[in-house]
Amino acid sequence: MFRSLRRALCAAAAALLLILAGVGAQTVHADPADAVDRAAAPGAGYWHTSGRQMLDAAGQPVRIAGINWFGFETANYTPHGLWARDYKSMIDQMKSLGYNTIRLPYSDDLFKSGTVPNSIDFSGGKNADLQGLGSLQIMDRIVTYAGQGGLKVVLDRHRPDAAGQSALWYTSAVPESTWIANLKALATRYRGNSTVIGIDLHNEPHDPACWGCGDTTRDWRLAAQRAGNAVLSVNPELLIFVEGVQTFNGVSGWWGGNLMGVAQYPVQLDVPNRVVYSAHDYATSVAQQSWFSDPTFPANMPGIWDKYWGYIFKQNIAPVWVGEFGTTLQSTIDQKWLAALVSYLRPTSTYGADSVSWTFWSWNPNSGDTGGILKDDWTTVDTVKDGYLASVKAPGFPSGGGDPGDPGDPGGGTAACTAAYTVSSDWGGGFNAEVKVTNSGTTALKSWKVTWTWPGTQKVTSMWNASYTQSGSTVTAANADHNGALAVGGSASFGFGGAPGGGGAPAVSCTAT
């Protein structure tokens, strides 16, 4: 984000300051067969590019539709919210909401021997397998669990140190050589583990960074080529995500959001089909820009996005990933901006993976300028904000668990599912509940629906990640577009509010196709 305005509330929000020991340095490898397409669902293995699309190991188009989960880049040295919840439940909830990728910001402090992760709650069995681990080892656990659930991960070099953002990719304390050495260390660490599909080389380069000026101390495009080639020298399968700058030829925009220079000065790497360009875009809750006061707003916005970064996608130059965008949604302008941007990204139901990829800022509620998908209790979903993103979400990817060489049953198998109903809160006048649907059959599912009958007078008041009908006390909920497809053993969740409270959990049935 615009780091001059960000006010992440990391220190005040942390409930615990626990001293943990040791920063691990082991390499995390997966079975090499993980790179082999093992299911009809797209996303398996490492990815590459072809024109404006990202393709999986089998050549199927894929779309990143994800979320930013920050914290590693702060003085907590671990993702935020672990002071409130178990990391596995956090990742499960991301998946249940239809996010298929996690962007994990980090700083180069993670590679220092004295770095100790803190503010993790281990009470009641929470985060038990993180106890005693260093920051990089915690990152390993998050990557592993995300992959087991069918999510991908993009690592984001967000800051040179926990103190704050830097305009250039280096500082006096963290020279370019350290930046590149640490990028290579991460690329090596996750070599062979295709859950990590790529690295975002540096977050939000801005003035005095330039693009194509030829000054090696300021030219971000040349630095991205040096770093990208270094990463690919140790892990040639990774995607290289390259953000924009602030100003090109006198035209300024968001930090990291100006990719106008790509037309004249594209990033050229030694390994072909690895570059994804990344833009950041924000609303007035972060800063004012001239286009927000244009009398034609929001109709002017597609032209603005075309100029700064959208042309790269429209001209089939390379894939575009909006690595950050977000807002508090408090103002009407921001609401119109988000609706316009989501439409510009292209609905998945219409365009499939031939669309702009994205990761929303942020999962965390403690981003001062934008808030998050979660509310301040780190559990409740902001269903209004999440709802804006529904049309551009996309199915998850094959799970990293099990035998990567087993393609499943190609002969049809049995379509079946189970559903588990849990009341998450009940205040008498109303309640919130979640239903988790699991593919219990022997073939991948295309769709599912769940039915239950309440013994009382409860009515659904709102539902997210599913559609529903209610007749009397009987409710039938059907999958949304982004979460109907389930691999064998895979799961998806939806939630809803109801009234009055006190209904308990009824028996549920699940049918699948």
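The values are calculated or read from the model by the stated rules, or taken from the named source; none is laboratory data. Every value quoted in this text rests on a predicted model; they were computed, and no experiment measured them. We place every Cβ from the backbone using ideal geometry, glycine too, and count neighbours over all the protein chains shown. In case anyone asks, the SASA skips ligands and DNA or RNA and just uses the protein heavy atoms, side chains included. Shrake-Rupley method; radii C 1.70, N 1.55, O 1.52, S 1.80 Å.
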Open item on the list: Given the condition surrounded by 18 or more Cβ atoms within 10 Å (Cβ to Cβ), part of a loop (DSSP other than H, G, I, E, B) and under 21 Å from the mean Cα position of the chain (by Cα), answer yes or no: does some residue in segment 180-190 qualify?
Closed with: yes
Open item on the list: Tell me yes or no: at least one residue of segment 153-173 is open to solvent by less than 10 Å² (accessible area, probe 1.4 Å), assigned to a helix (DSSP H, G or I) and within 28 Å of P205 (Cβ to Cβ).
Closed with: no
Open item on the list: Residues to consider are D369, D354, D376, D306; find the one that is modelled with pLDDT under 95, among the acidic types (D, E) and either assigned to a loop (DSSP other than H, G, I, E, B) or open to solvent by 10 Å² or more (accessible area, probe 1.4 Å) (or both).
Closed with: D369
- [ ] Tell me which of these S113 doesn't satisfy, since it passes every other one: (1) hydroxyl-bearing (S, T, Y); (2) surrounded by fewer than 24 Cβ atoms within 10 Å (Cβ to Cβ); (3) modelled with pLDDT of 95 or more.
- [x] (3)
TODO: Check segment 195-208 and report whether any residue there is at pLDDT 95 or above, within 22 Å of V153 (Cα to Cα) and of a type in the set (S, T, Y).
DONE: yes
Task: Within segment 134-152, considering residues that are in a helix (DSSP H, G or I) and among the small types (G, A, S), the one nearest to the chain's Cα centre (by Cα) - done: A146
Open item on the list: Considering only residues that are assigned to a loop (DSSP other than H, G, I, E, B), buried (at least 18 other Cβ atoms within 10 Å of the Cβ) and charged (D, E, K, R), which ones fall in segment 192-222?
Closed with: E204, R218
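Where in segment 449-489 are the strands (runs of 3 or more DSSP E), entirely inside, with at least 1 residues that are within 32 Å of the chain's Cα centre (by Cα), among the charged types (D, E, K, R) and surrounded by fewer than 16 Cβ atoms within 10 Å (Cβ to Cβ)?
Hits in segment 449-489: none.
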TODO: Report yes if Q268 is part of a loop (DSSP other than H, G, I, E, B), of a type outside the set (A, V, I, L, M), at pLDDT below 95 and open to solvent by 40 Å² or more (accessible area, probe 1.4 Å), otherwise no.
DONE: no
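Check whether at least one residue in segment 89-101 is charged (D, E, K, R) and surrounded by fewer than 22 Cβ atoms within 10 Å (Cβ to Cβ), and report yes or no.
yes
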Open item on the list: Residues that are crowded, with 21+ Cβ neighbours inside 10 Å and in contact (Cβ under 8 Å) with a residue 60 or more places away in the chain: does segment 340-347 have at least one?
Closed with: yes
- [ ] Select the strands (runs of 3 or more DSSP E) contained entirely in segment 44-133, then report the ones holding at least 1 residues which are β-branched (V, I, T).
- [x] 48-50, 65-68, 101-107
Task: Hits in segment 429-448 - residues which are closer than 12 Å to G501 by Cβ and surrounded by 15 or more Cβ atoms within 10 Å (Cβ to Cβ) - done: G430, F431, N432, A433
